[in-house]
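Here the structure comes first, spelled out in structure tokens, and everything after it is commentary.
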Amino acid sequence: MAIFTEPSTTIVSLFNSHTHNHIQRPQILSLRHSLPRPHPHCLAGALDPPEPGSIPRTSDGGEGRKDRRKAVRLAWEKIVRWSRSWRSRAKTDVLERTNKVAVLGGGSFGTAMAAHIAERKAEMEVNMLVRDSLVCRSINESHYNRKYLPEYKLPENIIATTDAKDAMKGADFCLHAVPVQFSSSFLEGISQYVDPNLPFISLSKGLELNTLRTMSQIIPQALGNPRQPFIVLSGPSFAVELMRKLPTAMVVASKDKKLASAAQQLLASPHLRINSSGDVTGVEIAGALKNVLAIAAGIVEGMNLGNNCMAALVAQGCSEIRWLATKMGAKATTLTGLSGSGDIMLTCFVDLSRNRTVGKRLGSGEKLDEILSSMNQVAEGVSTAGAVIALAQKYKVKMPVLTAVARIIDNELTPKRAVLELMNLPQVISNAFYLISETEQFGFTILMKV
């Protein structure tokens, strides 16, 4: 309206048309200049939403918009050229000379990775060593793992066996997908058939309950060969999505750079990016602890505590994982990468996670024994929780959220009481003029003023 957009002009016009002579011109001018102009944001139409499909106006006009679009296009073209250059130089000799891969374990993830590798090269033989004769027969006769992935047909170059000698003979790589708590005894039983130079790629995530060992320690010790080549694979990767060839990215880590590169060549595909790292500790610890955090996230969901609570809990859990992992020698950058933040987000926020499912059912009031007896796969976080706390005590790191999970699993704390105790922990100081100290209290970082 005119009276709103230009109030001073309208009022002056009204005064000029007034017939009373006692209203003098200076008074009119004084009134005119005393009226404040409205703020630009309050002008009519200033807050009106843009028309659908329209581009917001900018002070630099159309030329500036064209320049920005050109800059974005050039940046993207540069990325594409860089990618093509790397692909043209990428080595494929590892895949070309690999004729046989052994996969230990016939669970969902082991099966999915066996299928992934088998499809990388039709002439390659992929041998799955399984303990269940029914699963073995199902894979060989119908090319389905009826127990764990019944909806997905497996490549015909996958052969299942219950004979360790047959599985390991002539293998160029071995993928280990046996649950952590059973790995040591399993590997000791087949050690006589393992070539001392055979690279092991570990898919198992967790800590051995009594010894606190990771897979990088379990595998060489169980095989009686401290120099057994070792690689760990981790990252956001649900088995069913791998079977559907949906895109994702993972990381391989090894202390041997050439070995990590070889695993990268073996596993990378158009729908699976593989990064490499030398931080074995960071990748393993993040993979183990995220399962415990996923149980905590499930408990929050089961108790209907809301999205705010979920985000706050996962953020606190990520801090606890970082505290322990870095004390053990892990790199902080690893913990914000695929095997850290990537895997944490997947397992904490998506219902396909077995560990999240356990937590969700605990939060809704079910008993742990009933939950575990109804599952046909292992939720590593249940057994890892106690080991994580023992490890934290060893490195003198307090971890409120993950400790609460261990207490709930041991039936010594109810989920409701755990939430109450966690919410009553000391408040954290947050200020731009403070530095993080190495000292921690109640799992929260004490801040030292500069």
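The values are calculated or read from the model by the stated rules, or taken from the named source; none is laboratory data. In this text the structure is predicted, and so the values were computed from the model without any measurement. Cβ atoms come from the backbone with ideal geometry, glycine included; neighbour counts cover every protein chain shown. Side chains included, ligands, DNA and RNA excluded: accessible areas come from the protein's heavy atoms. Shrake-Rupley method; radii C 1.70, N 1.55, O 1.52, S 1.80 Å.
Evaluation of Gly64 against the conditions (1) open to solvent by less than 30 Å² (accessible area, probe 1.4 Å); (2) at pLDDT 90 or above; (3) not charged (D, E, K, R) shows that the sole unmet condition is (2).
Closer than 30 Å to Lys367 by Cβ, among the aliphatic types (A, V, I, L, M), open to solvent by less than 30 Å² (accessible area, probe 1.4 Å) and at pLDDT below 95, is that true of Leu293? The answer is no for Leu293. Is there a residue being among the aliphatic types (A, V, I, L, M) and modelled with pLDDT of 95 or more anywhere in segment 360-376? Yes, segment 360-376 contains a residue that is among the aliphatic types (A, V, I, L, M) and modelled with pLDDT of 95 or more.
Condition check ((1) modelled with pLDDT under 95; (2) under 21 Å from Ala114 (Cα atoms); (3) not basic (Lys, Arg)) across all residues:
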| residue | (1), (2), (3) |
| --- | --- |
| Ser202 | no, yes, yes |
| Asn210 | yes, no, yes |
| Arg213 | no, no, no |
| Arg227 | no, no, no |
| His271 | no, yes, yes |
| Ser277 | no, no, yes |
| Val280 | no, no, yes |
| Gly302 | no, no, yes |
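Looking at this structure, is Val358 under 22 Å from Lys398 (Cβ atoms), over 15 Å from the mean Cα position of the chain (by Cα) and either part of a helix (DSSP H, G or I) or touching a residue at least 12 places away in the same chain (Cβ under 8 Å) (or both)? In short, no.
Scanning segment 308-336 for residues that are in contact with an Asp or Glu (Cβ under 8 Å, 6 or more places away or on another chain), not hydrophobic (A, V, I, L, M, F, W, C) and not in a helix (DSSP H, G or I) yields a count of 1.
Among the residues of segment 129-156, those that are within 20 Å of Glu241 (Cα to Cα) and in contact with a helix residue (DSSP H, G or I) (Cβ under 7 Å, 6 or more places away or on another chain) comprise Tyr144, Asn145, Arg146, Lys147, Tyr148, Leu149, Tyr152, Leu154, Pro155. For segment 163-192, the tally of residues that are assigned to a loop (DSSP other than H, G, I, E, B), under 17 Å from Gly106 (Cβ atoms) and not acidic (Asp, Glu) stands at 4. Identify all residues within segment 400-450 that are among the hydrophobic types (A, V, I, L, M, F, W, C), surrounded by fewer than 12 Cβ atoms within 10 Å (Cβ to Cβ) and modelled with pLDDT of 50 or more; write none if there are none. Residues satisfying the conditions are Leu420, Met423.
Within segment 214-228, being surrounded by 23 or more Cβ atoms within 10 Å (Cβ to Cβ) and either part of a loop (DSSP other than H, G, I, E, B) or in contact with a Phe, Trp or Tyr (Cβ under 6 Å, 6 or more places away or on another chain) (or both) holds for Thr214, Ile219.
In the set (1) in a helix (DSSP H, G or I); (2) of a type in the set (D, E, K, R); (3) modelled with pLDDT under 95, the condition left unmet by Asp351 is number (1).
Any idea which residue in segment 249-262 is farthest from Trp86 (Cα to Cα), counting only those that are among the hydrophobic types (A, V, I, L, M, F, W, C) and in contact with a Ser or Thr (Cβ under 7 Å, 6 or more places away or on another chain)? It comes out as Ala253.
Is one or more of the residues making up segment 329-345 in contact (Cβ under 8 Å) with a residue 40 or more places away in the chain and more than 30 Å from Pro247 (Cβ to Cβ)? Yes, segment 329-345 has at least one match.
If I filter segment 132-179 down to residues being of a type in the set (Ser, Thr, Tyr) and touching a strand residue (DSSP E or B) at 6+ places or on another chain (Cβ under 9 Å), which single residue comes out as most open to solvent (accessible area, probe 1.4 Å)? This residue is Thr162. Of the listed requirements (1) under 25 Å from Asp256 (Cβ atoms); (2) out of contact with any Gly (no Cβ under 7 Å at 6 or more places or on another chain); (3) open to solvent by 40 Å² or more (accessible area, probe 1.4 Å), Lys331 misses just one: (2). Could you please find all residues in segment 363-376 being open to solvent by 50 Å² or more (accessible area, probe 1.4 Å) and in a loop (DSSP other than H, G, I, E, B)? Hits for segment 363-376 are Ser364, Gly365, Glu366, Lys367, Ser374, Asn376.
For the criterion of being open to solvent by 60 Å² or more (accessible area, probe 1.4 Å), part of a loop (DSSP other than H, G, I, E, B) and either of a type in the set (D, E, K, R) or modelled with pLDDT of 95 or more (or both), Asp195 passes.
When Ile231 is tested against (1) touching a residue at least 40 places away in the same chain (Cβ under 8 Å); (2) aliphatic (A, V, I, L, M); (3) touching a strand residue (DSSP E or B) at 6+ places or on another chain (Cβ under 8 Å), only condition (1) is not met.
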